[in-house]
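Peer 1: Mind having a look at this structure? Questions to follow.
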Amino acid sequence: MHKSQKGFTLVELVVVIVLLGILGVTALGRFQDLSGDAQDAANDGIASELSAASSINFAARILNPLNGVAINGAAEDCASANIDALFASGTRPAGYNWVGGPVDCGAVTSFNCAIDSAGSATDTAGTATVLCTP
């Protein structure tokens, strides 16, 4: 009678475990520090929301000067209540700060505002374009 072998030998199991360990260590390096990329994407998303809201606000003010929010002062500031009012919630998201100084909307038609997470020093700020209204 011939005995048929069933199952795996100990050596085969050890080889498979070692290979899985090597693959795991290799993959870990790719996924270890994604929090910075995620924060950068969040900053860009908030900046994009502001840019889109500014365009909609500009169009509303062109159609009727009483609609929307007036952004046409001599010292418009990225951190002003007028800019924050463009967000759907009426205020910028909590935990984010505007970076940018006063701008004269009488001299320019648009200006850039950078938004950055208050809790992270390593992320990249997102940049929004704000249109000065008539």
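Peer 1: Output the 0 to 90 degree angle, nearest 10, between the alpha-carbon long axis of helix 35-63 and the longest principal axis computed from the alpha carbons of the chain.
Peer 2: Taking Cα atoms only, the helix is inclined about 30 degrees.
Peer 1: Filter the trypsin sites (Lys or Arg not before Pro) in the range 1-64 down to the DSSP loop ones having no more than 10 other Cβ atoms within 10 Å, then list what survives.
Peer 2: Lys3, Lys6
Peer 1: While we're on this one: What length, rounded to one decimal in nm, is gained on full extension from Leu19 through to Ser110, with 0.36 nm per residue of separation minus their alpha-carbon distance?
Peer 2: 27.1 nm
Peer 1: For every helix of n ≥ 4 consecutive DSSP H residues, a contribution of -39,500 (n - 2.57) applies; sum these over the chain, divide by its total residues, and give [θ] at 222 nm rounded to the nearest 500 deg cm²/dmol.
Peer 2: -14000 deg cm²/dmol
Peer 1: Which semi-axis lengths, in whole Å and largest first, follow from the square roots of five times the eigenvalues of the Cα gyration tensor of the range 24-85?
Peer 2: 40, 12, 6
Peer 1: May I ask which residue of Val14, Ser110, Ala79 lies farthest towards the positive end of the charge dipole of the chain, with charges of +1 (Lys, Arg) and -1 (Asp, Glu) on Cβ and the Cα centre as origin?
Peer 2: Val14
Peer 1: Another question about this same structure. Zone of Ser120 (label point 7 Å along Cα→Cβ, backbone N under 19 Å): which residues in the range 51-71?
Peer 2: 51
Peer 1: Over the Cα atoms of the range 35-131, what is the Rg over Rh ratio if Rh follows Kirkwood?
Peer 2: 0.98
Peer 1: What size of dipole, in debye to the nearest 20, comes out for the chain about its Cα centre when the only charges are +1 on Lys and Arg C-beta atoms and -1 on Asp and Glu C-beta atoms?
Peer 2: 680
Peer 1: Related question: Measuring from label point to label point, each 7 Å out along Cα→Cβ, what is the Ala81 to Phe8 span in nm?
Peer 2: 6.8
Here, each number is a calculation from the coordinates, and none is a lab measurement. Not measured: the values here are computed from a predicted model. Positions of Cβ are generated from backbone atoms using ideal geometry, with glycine treated the same way; all protein chains shown enter the neighbour counts.
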